[in-house]
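Peer 1: For reference, the structure I am asking about is given below.
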Amino acid sequence: MEAIRAPRGTKDIMPEESWKWAYVLKVCRDVADDFGYREVQLPIFEHTELFCRGIGDTTDVVEKEMYTFTDRGGRSITLRPELTASMVRAYLEHDLRNQTQPVKLWSAGPMFRYERPQKGRYRQFWQVDVEALGVQDPLVDLEVIGLSLELYRRLGLSNLEVVLNSVGCPKCRPEHRKALTDYLMPRLEQLCETCQGRFSRNPLRILDCKNPSCKELTEEAPAMTDHLCDECREHFDALLRGLDAVGAKVSLDKRLVRGLDYYTKTAYEILSGDLGAQNAVCGGGRYDHLAEAIGGPFVPGVGFASGIERIVITMESQGCSFGEAPNCQVFLVSADQDLEVRLAVAGVLKELRSLGVRADMDYSGKSFKAQMKLASQKDVPWVCIIGRSELEKSVAAIKDMGRGNQEEAPLSTVAEVIFRKIAGEVR
Ligand code: ATP
Ligand code: MG
């Protein structure tokens, strides 16, 4: 029988990598804390309706990528493909309108999309998601973009490009839509099949097509930013001035769209020059009419989501630091293999651990020499050796693996002595 393997598009995060994830998530948490965003944990599955209405029926995510199933109670359930719709649902469900606005929330966890797996693209992947709900002030857009940039700065990422656009609002979009369809009409035949379908349903999304010939055809297409109403223009200008003032380098990209009626004004992405084809580390923007789309009142909002896998891949290719790996600090070696010696070793091990020292011992019956070899393989800075002769004198040997010198300490205080040595080290 063939051994069962993990489903296509999923990825085991093994110990060699998981500590890097923990580091990235810790930095996410620190930045969110510093910016006053509070963490929420939301369900991994929701009513399918939430995403159809909250993301939009004509998006790739909803049309092609959702993991949808009927549960035993006959309800249509979907594994969340993203977090924004759930965030807004939770905001409404918990009456957060009664709190000071904006309500600033963040969360991180796995998302699910049925996509063609490739480097940086999985069927289960993690996002960190940040949302500010309840106000339309462009300074909040500025804060959200600033938060994502600060996150990447702290993670040490370089070679990033911020691309920005305004997708207007339901007031100014019809005029642009008209100009766009007038422009596209005579070129309709030359567009790809998908875009021909988009033409009547959601022409804005044609600008987003990755097909080279569609890209070329829409090169000169009317830009949304040339059709913004006064309110959207003012909002966009304020954001641009703000970004300029904080020294953020952004490029405007009229092709960047969210393509749905409830997405408004700001749309942005952060691209990494070191990711290859899947080059977006972050996507975000404003969605002032999403709450209404899912049956709530008017609640404006702005936020972003960033893929953890893509952050880790970019950090690795740029040689960024993931902090210190949680390596063992002290390895305890039994110089003799009898139970009394090994119990003494286990006793010191327990004391070290209760002092918060990362310590370990061998449980596989290795010889003294093999245990010492293991300690140097693990690159452990300190080794504590106890054998029959040490037990007779009630002492333990402490070996400084860096310098190679060895000293003795009373068995009753050896854990404390090692603890102080480690605490005194400047690392
Ligand atoms: P893409 O253009 O790469 O498909 P997207 O526009 O679908 O991205 P968003 O929905 O904006 O992505 O999600 C925000 C971020 O989540 C992306 O910038 C990316 O870092 C990450 N992401 C999205 N889909 C995947 C996936 N299938 N696997 C890994 N990360 C992903
Ligand atoms: Mg996608």
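Peer 1: Going residue by residue through the stretch 134-143, is there one that turns out to be in contact (Cβ under 8 Å) with a residue 60 or more places away in the chain, in the same structural domain as ALA22 (by TED's automatic domain parsing), under 17 Å from the mean Cα position of the chain (by Cα) and over 24 Å from SER18 (Cβ atoms)?
Peer 2: Looking for residues that are in contact (Cβ under 8 Å) with a residue 60 or more places away in the chain, in the same structural domain as ALA22 (by TED's automatic domain parsing), under 17 Å from the mean Cα position of the chain (by Cα) and over 24 Å from SER18 (Cβ atoms), one finds none in the stretch 134-143, hence no.
Peer 1: Check whether at least one residue in the stretch 91-108 is open to solvent by 30 Å² or more (accessible area, probe 1.4 Å), touching a Ser or Thr at 6+ places or on another chain (Cβ under 9 Å), in the same structural domain as TYR268 (by TED's automatic domain parsing) and at pLDDT 95 or above, and report yes or no.
Peer 2: Within the stretch 91-108, the subset open to solvent by 30 Å² or more (accessible area, probe 1.4 Å) is 92-95, 97-102, 104.
From what's left, touching a Ser or Thr at 6+ places or on another chain (Cβ under 9 Å): none.
No: the stretch 91-108 contains no residue that is open to solvent by 30 Å² or more (accessible area, probe 1.4 Å), touching a Ser or Thr at 6+ places or on another chain (Cβ under 9 Å), in the same structural domain as TYR268 (by TED's automatic domain parsing) and at pLDDT 95 or above.
Peer 1: What are the residues in the stretch 250-277 that are open to solvent by less than 20 Å² (accessible area, probe 1.4 Å) and in contact with a helix residue (DSSP H, G or I) (Cβ under 7 Å, 6 or more places away or on another chain), if any?
Peer 2: Across the stretch 250-277, the qualifying residues are VAL257, GLY259, LYS265, THR266, TYR268, ILE270, SER272, LEU275.
Here's the yes/no breakdown for (1) away from ligand 2 (no atom under 16 Å from the Cβ); (2) farther than 19 Å from ALA132 by Cα; (3) polar (S, T, N, Q):
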{"position": "ASP244", "(1), (2), (3)": "yes, yes, no"}
{"position": "TYR268", "(1), (2), (3)": "no, no, no"}
{"position": "LEU275", "(1), (2), (3)": "no, yes, no"}
{"position": "ALA291", "(1), (2), (3)": "yes, no, no"}
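Peer 1: Within the stretch 126-139, does at least one residue satisfy the condition of being surrounded by fewer than 15 Cβ atoms within 10 Å (Cβ to Cβ) and farther than 23 Å from LEU42 by Cβ? Spell out the reasoning first.
Peer 2: Let us first name the residues in the stretch 126-139 that are surrounded by fewer than 15 Cβ atoms within 10 Å (Cβ to Cβ), namely 139.
This time we only want the ones that are farther than 23 Å from LEU42 by Cβ, so: 139.
Checking the stretch 126-139: at least one residue is surrounded by fewer than 15 Cβ atoms within 10 Å (Cβ to Cβ) and farther than 23 Å from LEU42 by Cβ.
Peer 1: For the list (1) in contact with a helix residue (DSSP H, G or I) (Cβ under 7 Å, 6 or more places away or on another chain); (2) without any contact (Cβ under 8 Å) to a residue 60 or more places away in the chain; (3) among the aliphatic types (A, V, I, L, M), I need the number of the one condition that ALA245 fails.
Peer 2: Unmet condition: (1).
Peer 1: Please verify whether SER158 is assigned by TED's automatic domain parsing to the domain that holds GLY242 and within 16 Å of ligand 1 (Cβ to nearest atom), treating the condition exactly as stated.
Peer 2: Numbers: assigned by TED's automatic domain parsing to the domain that holds GLY242: yes; within 16 Å of ligand 1 (Cβ to nearest atom): no.
So SER158 does not fit the description; no.
Peer 1: Still on this model: Is it the case that some residue within the stretch 144-163 is part of a strand (DSSP E or B), out of contact with any helix residue (DSSP H, G or I) (no Cβ under 7 Å at 6 or more places or on another chain) and open to solvent by 20 Å² or more (accessible area, probe 1.4 Å)?
Peer 2: Yes, the stretch 144-163 contains at least one residue that is part of a strand (DSSP E or B), out of contact with any helix residue (DSSP H, G or I) (no Cβ under 7 Å at 6 or more places or on another chain) and open to solvent by 20 Å² or more (accessible area, probe 1.4 Å).
Peer 1: Any idea which of (1) among the charged types (D, E, K, R); (2) within 16 Å of ligand 2 (Cβ to nearest atom); (3) in contact with a Cys (Cβ under 8 Å, 6 or more places away or on another chain) is the one ARG310 doesn't satisfy?
Peer 2: Result: ARG310 passes all but (3).
Peer 1: Then there's this: Across the stretch 19-68, which residue is farthest from ligand 1 (Cβ to nearest atom) among those that are within 16 Å of the chain's Cα centre (by Cα) and among the aromatic types (Phe, Trp, Tyr)?
Peer 2: Looking at the filtered set, the residue picked out is TRP19.
Peer 1: Here's a check for you: in the stretch 189-206, which residue that is in contact with a Cys (Cβ under 8 Å, 6 or more places away or on another chain) and outside any helix (DSSP H, G or I) is most open to solvent (accessible area, probe 1.4 Å)?
Peer 2: Residue satisfying both the conditions and the ranking: CYS192.
Peer 1: Give me the residue from the stretch 237-249 that is of a type outside the set (Asp, Glu) and at pLDDT 90 or above and, out of that set, most open to solvent (accessible area, probe 1.4 Å). Write out each step before concluding.
Peer 2: So in the stretch 237-249, the residues of a type outside the set (Asp, Glu) come out as 238-243, 245-249.
Of the ones still in play, those that are also at pLDDT 90 or above are 238-243, 245.
Details: ALA238: 42, LEU239: 1, LEU240: 47, ARG241: 190, GLY242: 11, LEU243: 4, ALA245: 87 Å².
Applying the filter and picking the extreme gives ARG241.
The values are calculated or read from the model by the stated rules, or taken from the named source; none is laboratory data. Every value quoted in this text rests on a predicted model; they were computed, and no experiment measured them. No Cβ is skipped: glycine too gets one built from the backbone with ideal geometry, and neighbour counts run over all protein chains shown. Side chains are part of the model used for accessible areas, which takes the heavy atoms of the whole protein and leaves out ligands, DNA and RNA. Shrake-Rupley method; radii C 1.70, N 1.55, O 1.52, S 1.80 Å.
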